[in-house]
Each structure stands twice: as structure tokens, then as C-alpha cells.
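Enquirer: Quick one: this structure, given as C-alpha cells, is what I'll be asking you about.
The values are calculated or read from the model by the stated rules, or taken from the named source; none is laboratory data. As the structure is a prediction and not an experimental result, all values here were calculated from the model. Here Cβ is always computed from backbone atoms with ideal geometry, including for glycine, and neighbour counts include all displayed protein chains.
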Amino acid sequence: MTETATPEVIPCPEEVSLELGSDGQIVFVSDVHLTGGGPVADFDATTELVELLTELGRHEGGKLLLFGGDIFDLLQAGGTPVEAVDRVLAAQDAQAVAAASAALAAVPDATVVYVVGNHDSALAWHPEARRRVGEAFGIDHFALRARVAVQTLDGRTVTVLAEHGHALDVYNRHSDPYDPLDTPAGDHVVQEALAAFLGRSLRDAASVYGGTPECDEVDQAPLGSQRRAGPPTASAGSAGAAPDEPAR
């Protein structure tokens, strides 16, 4: 599918409401920041994440997997939303996680939800990018946040509200998450300031250790197209619980 200059905007739901029985189990995972591999990819817990999802699938009660945002780092992957999604999905780490997630989704009494963050914010409004992620990972619901009514063993109902931490950060939250032109300050830091810094850092490293095609390629790429290196950018997922009221 060729993406046009003005892609169609079809918003995902603002919130999805779910229920989980007292025999249920929830796993919340966020900020994996899959970028499509390469010399600056820094997620090194693929095996552990796959094991976690596999173990959840073995649970005998209800099973709820909440991907809490920034599982994909579309800002760092670069290109259009569809190009960025395809780049990430082509990498071995994403393929392993996607296979485990899809296998879990196929298990009875299992639900997989993708809560959109800020580094994957295009999934909130871009239908084709969202479709490709959903198909690969077996996603049942996309939303900006998830509200889960959990039944406790003593008969109470506990409400769990899960959303990505950027929603509480003035520098990274969107005024309108469904507007493709709404780019918070944090997006510009990642795509412009940080990218310029990384280009210089990789060039300096190449001068010391010897150039590599990967470093040369990143150094010569247009500003904003380099992928992430070094410490993760400031974004976080949040999930909590309190009796009869949401927790953030």
C-alpha cells in the first residue's frame, strides 16, 4: 500500500473498558521501544519478554495483556507511519514478540490490548499502521487508555486504569492525539535535537574505533531520521489500582 501525503485519519477509541474475574491475571508491558534493529537498537530482553507472554498464556483463568505504549518507537524508526511499522516488524526482536503476543491472543479467555504512547502516537490515528501492528501482534483493542474492572477474591471491584505516562507530561502529551500535525516538544527533541547529537556522537566514535557502514549511514542520513542510541528518552507507562476509583 502506497501512503499518500495526507493519510486518512481514523481514530482509535479513547478508552476501552474490560472486566477480569477474580481468577484473572494482568501483565502490563510498556516502553520496549522497538526500532527495527541496527547498531543503536537497545532492547535486549526479547527472550525474557517472550517467556513472560508464554507464561501468561499458561494461566488457567482470564488473561489480560496490556501493551502500555511505546512498544514501537516509530519516531526513531523513521519514515511514514507505515514505513516505520514495516521497518520494526521486519526485525527479529519484533517478530519474536509479535509471535508470542499472537499466540497468547489465540488462547481462550485471553485479551491483548495496545495502549498508544507518544513514540507510537501515529497508531492512534493512522488506520493502516494500526492494522499492520494489530495483525502481527493479535491485538484485540487499540485505545489511548484501558479501564479494567477487576473482581477480587473478597467480592470487591477494583478499577485499574492503564495509560502511557506521556499523558501526564506537559512536554510529551498531545493536545489532540488524533491530529497528525500535533507534535509535542518531546517529539522535536527526539527527531531533531537528539538526532543531530547522535549523528555527531557516532561520527566521533567512528573516528576512534574505525568507521562502519552503519555509522556512516546514520551520519549521512537527513536530520531527524537517525535511530535511538544511549539512554532511553523520557517516557513511561503507568498502571495502578484503587478500590472503585481509577489509579494513575
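Enquirer: Tell me which residues, restricted to the stretch 123-149, are surrounded by fewer than 23 Cβ atoms within 10 Å (Cβ to Cβ), free of Cβ contacts under 8 Å to residues at least 60 places away in the same chain and among the small types (G, A, S).
Expert: G134, A136, G138
Enquirer: Contact list please: Cβ distance under 8 Å, first residue in the stretch 150-172 and among the basic types (K, R), second residue part of a strand (DSSP E or B), pairs at least six apart or on different chains.
Expert: Every condition considered, the pairs that remain are R156/P243.
Enquirer: Let me ask something additional. For R228, indicate whether it is surrounded by 16 or more Cβ atoms within 10 Å (Cβ to Cβ), modelled with pLDDT of 85 or more and charged (D, E, K, R). Walk me through it before giving the result.
Expert: Values: surrounded by 16 or more Cβ atoms within 10 Å (Cβ to Cβ): yes; modelled with pLDDT of 85 or more: no; charged (D, E, K, R): yes.
No.
Enquirer: Right, next: For G61, indicate whether it is crowded, with 16+ Cβ neighbours inside 10 Å and in contact (Cβ under 8 Å) with a residue 40 or more places away in the chain. Outline the logic, then answer.
Expert: On the way: crowded, with 16+ Cβ neighbours inside 10 Å: no; in contact (Cβ under 8 Å) with a residue 40 or more places away in the chain: yes.
When the stated conditions are applied, G61 does not pass them.
Enquirer: Another one. Within the stretch 98-153, restricting attention to residues that are in contact with a Ser or Thr (Cβ under 9 Å, 6 or more places away or on another chain) and charged (D, E, K, R), which residue is nearest to H166 (Cα to Cα)?
Expert: Here the residue is R147.
Enquirer: Another question about this same structure. How many of the residues in the stretch 141-194 are in a loop (DSSP other than H, G, I, E, B), under 19 Å from the mean Cα position of the chain (by Cα) and of a type in the set (D, E, K, R)? First the steps, then the outcome.
Expert: Taking the stretch 141-194 and keeping what is in a loop (DSSP other than H, G, I, E, B), we get 144, 152-156, 169-184.
From the residues that got through so far, the ones that are under 19 Å from the mean Cα position of the chain (by Cα) too are 144, 169, 171-174, 176-180, 182-184.
Now restrict to residues that are of a type in the set (D, E, K, R): 169, 173, 176, 179, 182.
Matching residues across the stretch 141-194 total 5.
Enquirer: Restricting to the stretch 101-112, give me the number of residues that are buried (at least 21 other Cβ atoms within 10 Å of the Cβ) and either closer than 14 Å to I71 by Cα or of a type in the set (D, E) (or both).
Expert: Count: 2.
Enquirer: What is the number of the single condition among (1) surrounded by fewer than 18 Cβ atoms within 10 Å (Cβ to Cβ); (2) under 30 Å from E192 (Cα atoms) that G78 does not meet?
Expert: (1)
Enquirer: Do the conditions hold for Y114, that is, is it among the hydroxyl-bearing types (S, T, Y), farther than 26 Å from A45 by Cα and not in a helix (DSSP H, G or I)? Before the answer, list the steps.
Expert: Values: among the hydroxyl-bearing types (S, T, Y): yes; farther than 26 Å from A45 by Cα: no; not in a helix (DSSP H, G or I): yes.
No; evaluated as a whole, the condition is false for this residue.
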